[in-house]
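Derivation of every value follows stated rules applied to the coordinates shown; laboratory data play no part. Remember, predicted model here, so these are calculated numbers, not experimental data. Backbone-built Cβ (ideal geometry, glycine too); neighbour counts: all protein chains shown.
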Amino acid sequence: TAAGRPAPHQSLKGFHKRAVTHLAFSGDGTLLASIGKDDARSIAVYNWASGTLVATAKGDGKQVLGLAFSPLGNEVASCGVRTVKFWRLQGRNLTPKAGIMGTKPVPVLGGVGSLSRSSSLAAMPKSEKKTKKKKKKTTAKKKKKPSKSEPDKSGKKKGKKKGKKKQGSSSSKNAAKSGSMAGKLQTFTCIQWQAGTSEGSAHEAVAGTAGGELYVFNSESRNLAGVVLAHRTSDESRKSSVLSIAMAHPGSRFHCVTGAGDGSITFWSRAWEELGSLSAPGDAPVVALSLRSDDVKLLCGTMACEIHEMTCPSTAAARAAAGSSLSAAEMAAAPNQGGANATRTLVRGHHNFELWGLATHPFLREYATVGDDQTLRLWDVTSRCQAAPTVSLPAMARACDYYPGQDPTAGESVCHIAVGFGGSVGRGRSKRDGCIRVYKFYRAEVGKGSQTAGAGEHGSFLYRT
């Protein structure tokens, strides 16, 4: 490196003719797998240190959304639009085999609220369980099947309706409630391999789906082994796509962490019990996760172009919230992470298409930006960070300008920022195109301390210390 900046160490070129969309290192770091954006979605494996192209293969042309190397280093898993594939490294060839959903139902493993369900069931007295079963039997006996010719209150006869009954979501709901469900070929958004020291765990891959489930595959048989209702409930009252998976290190108290499109982050045990959950700031979709080896901190990347450092929930807090007691050994082993929901934003920025508007303050070392992500942001030049909360705009913006002023009634320094709306991309004209809105930023002295800020509907308050 020169002056603290990373310098290129190795260049791998010649195979991919277009963009490289996905990369994955092997467990020992010697091999690097890549997916290209050519028509076939070709895959390549390099020995990156020597620059050698080890193996190549052509894909099926379907869009690839995830890529991961197996812990043993002899297999690569990929997933995408209606596809899950396992690529076996054999000499200079990569032999693909598709994941098999099968027609028979597979077990539903743990899932959302699994810890609270198991703890409440364990805490329930046996007498209550028996009475509940008896009530179900008596109600079943009382129910009488209506006869085919029995008239209803309107005088019409009840008969069998012709036509096939609708199948699909209702059958999957019933199957999920019964503890098993059939796999569904859908969009698979991300994939990772199970972390473990045993050879058996090294042959299991976990894929996130657009339907909010986790599919567990056995790479040797390629069969679907189980389904986890990770970010959806059995009755589908809550459902969000799984966008990211981070496997924990061997020996960790967590098994993995998953992030969803609704901003939810869930921590899982090896039995696929829910150990705790967090929410990304602003409920932004979580597209990247990285768990620290000591299980204390989690890095979270969102579609809002932000990276947050979050504190992981402790095992004790998760079980206490679920109503389950923790043993003395578990209490001693769980680290003390005071402030379980503490979040520190490391990176902020514009996202979505282009950045257009830029205006600097006439006197102060700050500037404002607007763009296609429909946000107005105020930046501090000295700290290189946002100086005020992000202001959500009603449409895309193309221009902005500063006007410093003074509010005689409030006795505060007021800064006006004009924003010009327009330039919708790929959606035609918006109702706000051609509109100009002026926002106010108030400044006030609050004494010694750190700089803080708060936002209003059409104005933001910036407190200087």
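Worth a mention:
- Residue exposure sequence - Cys435, Cys415 - by fewest surrounding Cβ within 10 Å: Cys435, Cys415
- Protection proxy ranking for 258-264, 395-401, using the average of other Cβ atoms within 10 Å per residue and placing the highest first: 258-264, 395-401.
- Entries of Lys37/Lys85; Lys62/Lys104; Lys37/Lys297; Lys17/Lys184 with Cα pairs more than 28 Å apart: Lys37/Lys297; Lys17/Lys184
- On the beta carbon distance between Glu354 and Gln10, with R0 = 30 Å, the FRET formula returns roughly 0.40.
- Contour minus Cα-Cα distance for Phe25 and Lys37 (0.36 nm per residue): 2.4 nm
- When both region 28-55 and region 212-242 are represented by their alpha-carbon centers, they are found 29 Å apart.
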